[in-house]
Amino acid sequence: MDDKQEITERRQFFLTFPEDLINHPILYKVSTEFDVIPNILGASITEKLGKVAIELEGVPGKLDAVIRYFLELGVNVEDLDGPGDIQDRLAGN
């Protein structure tokens, strides 16, 4: 996060990573490229599947960009803070 006093929020998600993404530094990439702070709340990783409960902190628009990025990669995203389909929420429905 930079020194600007932007309003940030925290949102919690449950992420499921497919086998082909297990060994990729995705959380590092989102922290550096999207300027968000990831906080891993819990995780279970095997050779076939990765499940991560995570809290992301950042500017709301950047959090939405991270979620879109996860979805584009093929990561399943469940929003633990609100009901409804994550893609509908990103579309503003």
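Every read-out reported here was derived from the displayed coordinates using simple, explicitly stated rules and does not represent laboratory data. Being a predicted model, the structure only gives us computed values, none of them experimental. Note that we place each Cβ from the backbone using ideal geometry, even for glycine, and neighbour counts take in every protein chain shown.
Rounded to the nearest 0.05, what FRET efficiency is calculated for LYS29 and ILE7 with R0 set to 22 Å and r the Cβ-Cβ distance? Can you show the working numbers first?
Details: r = 24 Å, r/R0 = 1.09.
The calculated FRET efficiency here is 0.40.
Spin-label point model (7 Å from Cα, Cβ direction): what's the THR46 to LEU73 distance in nm?
Output for this residue pair reads 2.1 nm.
Can you pull out the GluC sites (Glu not before Pro) in region 1-72 whose DSSP state is coil and whose Cβ has at most 13 other Cβ atoms within 10 Å? Write down the numbers at each step before the final one.
On the way: sites: GLU6, GLU9, GLU19, GLU33, GLU47, GLU55, GLU57, GLU72; in loops: GLU6, GLU47.
The qualifying sites are GLU6, GLU47.
What are the extents of the Cα atoms of region 1-64 along their three principal axes, in Å, largest first?
41, 19, 16
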